[in-house]
Amino acid sequence: VIVIGGGVIGNACAYYLVQRGLSVIVLEGSDHIGNGGSSRNGGGVRQSGRDVRELPLVMYGIKNLWPHLSEELGVDCEYHQDGNLRLGKNEKHKQILTNLANNARGCGLDVRMIDGEEVRQINPYLSDEVTCASWCPTDGHANPLTTTLGYYKAARNLGARFISGEKVTELKLVKGRVRKVLTASGNVYEGENVIVAAGFDSRPILGSVGVDVPMTRSLLECLVTEAEPHMFDQMLGTAEADFYGHQTKHGSFVFGGSSGLEPFNKDNGTPVSSSKTAPCICRGIMKYFPDLANAKIVRTWGGWSDKSADGVAVVGAIDEVPGLYTSCGMSGHGFGIAPAVGHQLAQLIATGTTDVDLSTLRYDRFKAKI
């Protein structure tokens, strides 16, 4: 199997594939493993607030994979399963959260609406501006850097070969089946199966064999504070997904947010944070957490998310091209779902079956209906 993309999903695919005895090469276009969204995300491992099409896969991962992942990989993933508060401040927010919670309960998820008083019983540091929230006690967060590193090291130890600085430009078919992977350096790799998990770059790679997954790039920006005394362990989000964050194992806070001006940021080819966004995030922090008003910012960062046309991940086999599989269009939801994606794609390639029905995540849902 050739895996295109050395992020957390590509590394998870590699690990679970070599665990099943398959030969694996991972091709990473940049010089560094995890150089895309895997090192530029907020670390959420959540089920709440997702489209129902993604829920079975992420619920599978949280039940079966995340709880023992640190022990299995031999790296501290810093996984906390202490719940997710998705916060609201007005009636519009309450309606959004109620609809999401109702849909999720229909899939069997333990999530419920709570009022502002109960919110502050769970997290007493939140201000009175928060009037409601959805509460999912089985959600949590983890460290994207150490999790990606863990999958990378474990896959290598089992025999997977990683080649960085090898940017894929094209796929080639042999007798109707994907067979060759061409790179900018002129090298050609051959395999019986290919997984394309290269974020936004997946689109032109898949396009080389006539498969189009409609995606755009969406900029995510975060800030990290200095270490603070322990305050809370929950993952936080908001009804309109414009603010999120958690406190890390080491005491620092990671908060993400939006200025609303991200599409207009200058881009020199390297994802950078904007001077406008950090102040916007800070205003949000002070409104939600007055006690953090004097916390010092250590750094800010930005990164591109591959956003699909309907905001839902694209995962599974490409029927028109035997041997081709993809995991892209993660739409900012990729980290928490990564173990389940890697596990199920490896099972699909090795056995032809999956434990989780992936049909609602198929690439061809965007095709015109006749």
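The values are calculated or read from the model by the stated rules, or taken from the named source; none is laboratory data. What you are looking at is a predicted structure, and each value in this text was computed from that prediction instead of being measured. Please note: Cβ atoms are built from the backbone with ideal geometry, for glycine as well, and neighbour counts cover all protein chains shown. Note: accessible area is taken over every heavy atom of the protein model, side chains too, but ligands, DNA and RNA are not part of it. Shrake-Rupley method; radii C 1.70, N 1.55, O 1.52, S 1.80 Å.
Per residue, the accessible area of region 290-358 comes to 35 Å², computed with a 1.4 Å probe over protein heavy atoms only.
Between the C-alpha center of region 1-54 and that of region 150-185 there is a gap of 13 Å. Cα-based values for region 41-200, radius of gyration first and Dmax second, are 21.1, 65 Å.
By accessible area, using a 1.4 Å probe on protein heavy atoms only, the chain has 49% of its surface on carbon and sulfur. Across the chain, the relative contact order, built from alpha-carbon pairs under 8 Å that are at least six residues apart, equals 24 percent. Once backbone amide H atoms are built at 1.01 Å from N, residue 170 has 182 as its partners under 5 Å, excluding neighbours fewer than 5 places away on the same chain.
Comparing 147, 216, 157 along the charge dipole axis of region 140-276, the residue lying farthest to the positive side is 157, per the Cβ-charge model. Over what distance in Å are the Cα centres of region 319-343 and region 73-98 separated? So the separation of the two Cα centres works out to 23 Å. Here residue 92 is the anchor, and the lysines within straight C-alpha reach of less than 20 Å, apart from those fewer than 8 places off in the same chain, are 287. This model, with +1 at the C-beta of Lys and Arg and -1 at the C-beta of Asp and Glu, gives region 286-350 a dipole about its Cα centre of some 480 debye. What lysines could a cross-link reach from residue 167, if we take a straight Cα to Cα line under 16 Å and drop same-chain neighbours fewer than 8 places away? Those lysines meeting the cut-off are 180. Summed over qualifying helices (DSSP H, 4 residues or more, each -39500 (n - 2.57)) and divided by its residue number, the chain shows a 222 nm mean residue ellipticity of -8000 deg cm²/dmol.
Spin-label model, residue 177/residue 299: points 7 Å from Cα along the beta carbon direction are separated by 4.5 nm.
Sequence-ordered 3J(HN,Hα) estimates for region 190-206 from the Karplus curve with 6.51, -1.76 and 1.60 and θ = phi - 60° stand at 10, x, 7, 9, 9, 10, 9, 9, 10, x, 4, 5, 4, 4, x, 5, 5 Hz, glycine and proline given as x. Computing Kirkwood radius over Cα pairs in Å for the structure here picks out one of (i) 19.9; (ii) 21.0; (iii) 22.3, namely (ii). Entry comment: accessible area of region 89-186 is 52 Å² per residue, from protein heavy atoms only and a probe of 1.4 Å. Peptides 161-173, 191-203 ranked from most to least packed by the mean count of surrounding Cβ atoms within 10 Å: 191-203, 161-173.
Holding the Cα-Cα limit at 32 Å, pick out from 172/276; 153/307; 172/307; 153/175 the pairs that are longer than that. Long pairs (Cα-Cα over 32 Å): 172/276; 153/175.
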